[in-house]
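So the structure is just underneath, and the comments pick up after that.
What follows draws every value from the coordinates through simple rules; no lab data is involved. As the structure is a prediction and not an experimental result, all values here were calculated from the model. No Cβ is skipped: glycine too gets one built from the backbone with ideal geometry, and neighbour counts run over all protein chains shown.
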Amino acid sequence: MTKGKIDAPSKKAAIAKLRERGINPREINESSNILDKEFNLGRSKVKNQDFVIYCRQFATLIRAGVSVVDATNILARQTRSKSLKRALE
């Protein structure tokens, strides 16, 4: 059994996308939390929750007078999200 996520506007559309790939889903659950979704930054998929945290930390550093380049480098070193780290480097 395989478990994963797919982006689709509805359950019906998700089933159609999966069947196009030769996958017959046994169960599909809609994600109601926007923070559970992912988006692409280049080739990496970054979870919304990780990006929200990054944005808050980035804004704090900028308000403290840290340059954009330095803030990006600092947060790239500190993040636990591998995909966000790849997108920032």
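Some observations on this one:
- Within the straight-line cut-off of under 24 Å between alpha carbons, the lysines reachable from LYS11 are LYS3, LYS37, LYS45, LYS47, sequence neighbours fewer than 8 places apart in one chain being disregarded.
- Under Karplus coefficients 6.51, -1.76 and 1.60, residue-wise ³J(HN,Hα) of the range 74-89 in Hz, glycine/proline x: 4, 5, 5, 5, 8, 5, 8, 7, 5, 5, 5, 4, 4, 5, 7, 7
- Cβ-derived FRET efficiency at R0 35 Å, GLN78 paired with LYS17, nearest 0.05: 0.45
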